[in-house]
1. Please report the antiparallel percentage of DSSP beta bridges with both residues in the chain, rounded to the nearest 5.
2. Counting only pairs 8 or more residues apart or on different chains, how many lysine pairs in the chain have their Cα atoms under 29 Å apart?
3. Using a 1.4 angstrom probe and counting only protein chains, how large is the accessible area of residue 48 in Å², to 10?
4. Before I look further, what does the stretch 280-412 give for accessible area per residue, probe 1.4 Å, in whole square angstrom?
5. Quick one: with all protein chains in place, what share of the accessible area of the chain is carbon or sulfur, to the nearest percent (1.4 Å probe)?
6. Alpha carbons only, please: Rg and Dmax for the chain, in angstrom.
7. Can you say what percent of the DSSP beta bridges in the stretch 191-337, counting only those with both residues inside, are antiparallel? Round to 5.
8. Taking 7 Å along the Cα-to-C-beta vector as the label spot, tell me the residue 40-residue 23 distance in nanometres, rounded to one decimal.
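The values are calculated or read from the model by the stated rules, or taken from the named source; none is laboratory data. Note that the structure is a prediction, hence the values are computed from the model and not measured. For neighbour counting, all protein chains shown are included, and Cβ atoms are generated from backbone atoms with ideal geometry for every residue, glycine included. Ligands, DNA and RNA are excluded from the accessible area calculation, which covers all protein heavy atoms including side chains. Shrake-Rupley method; radii C 1.70, N 1.55, O 1.52, S 1.80 Å.
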Amino acid sequence: MDDVPMHPETIALRAGYDPASGLGAAKPPLYMTSNFVFPDAQTAKDIHEAYFHDTGPQAGKNAHTYARMGHPNLDMLEARLAALDGAESAVVFNSGMAASAAIALSLVRPGDSVVHSRPIYGGTSGLYNDFLTQFGARVFAFSDGCDEADMRAAVGKAAAAGPLKLIVVESPANPTAVLVDLAMVRRIAGEVSPRPMVVCDNTLLGPLMQQPLAHGADLCMTSLSKYCGGHGDLLGGGVSGNVNLVRNLRLLRTKLGSQLDPHSCWLFLRSLETLPLRMERAAYNAQLIAEFLDAHPKVSQVTYPGLLAEGSPEHAVYQRQCKSGGSTFSFRVAGGEAGAFRFLDGLRLLRFALSLGGSDTLVSHPATSSQYAVPEGDRLAMGVDSATLRISVGIEHSDDLIADMDRALSAV
Ligand SMILES: *Cc1c(COP(=O)(O)O)cnc(C)c1O
């Protein structure tokens, strides 16, 4: 199977599991065990040598010892994620933040500097700006991911402050879906010596709709809790990249104890089978909803990537990097916070809740929830004011979604 080239839709349901490894079971078995029996003493020693040094007779055989270090369901999910991301290897954690924390702790040391794009997920911002700074890291940001001068200025400041180790970008970014030009990031990173690692948070599009590694990122991080899980009932995070970078993250995961459990891995494998169908339907609905909102007199600034003006730098990046606009974006309603609250309280079908990428459509008010702790000035610089709402469009019938929003907007 591995030597036949496959399309992403096929990879999503076939990669990572061979029935020959599971007594012929057609679907992946669930291996609920925390430890593994060794056939003999020498093999046990060889397995440990392979795990820690990747040498000896067990190297590359993926034998198991104790489930914190790895287990069969984790192997299957990691293999499938690596195949979908077009990566040599992948490592899976028990949340997206556990994945981001491992990246930060593996690559940043006291005195080093980090640059990130803005807006960025609140948890990622907290990890770098509030936590890593306590260990002596210096953190800088740029706000326009398609503007070379802006990005170059942030990278220059960071490189002058200390060795620049990491450039972390989120594209499209949560909650406004603004894009970062990954090729530009990689080019500017290449002007710094030694070259900083480029990490892209691909949560908003996921592996079916964007492949950051093909556009210059060294590591692709995805919160699997969102579209990949896809039903609003799982937490997990993945990182894809080259074998050496991923191996370091896996060894660090063993120290941190942030591996994903067998049952969640098994559920994620199952969810990934339908990821292409869910993403396509959600993006189809999102385009219709974005057009409806864009034409509504009480709505302004609809940030859906599928509505970007042709000829703009953002549109060029969109066409180069993304296979679709996904289904998470923001818009503003008339009447500031009061208008936004009236809209939210007027919804009957759409749910007012955090998170995104699930099968049902969710709306949230970033200024008083996910961005609550962000200082107002920074929040406004990210394009989030008190009238901004974020929507994560699901897979319901678009007519029902639009009817509900239309009714809620009449109350604004
Ligand atoms: C949710 C999210 C994360 C964090 O993932 P968890 O699985 O919730 O820890 C990181 N980045 C983005 C863009 C997200 O939406």
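1. Given both bridge residues lie in the chain, the antiparallel proportion sits at roughly 55 percent.
2. 10
3. Result for residue 48: roughly 70 Å² accessible.
4. For the stretch 280-412, the solvent-accessible area averages 44 Å² per residue.
5. Working: 9470 of 17370 Å².
The value for the chain is 55 percent carbon and sulfur by accessible area.
6. 21.8, 74
7. Of all bridge pairs located within the stretch 191-337, approximately 75 percent are antiparallel.
8. 2.6 nm
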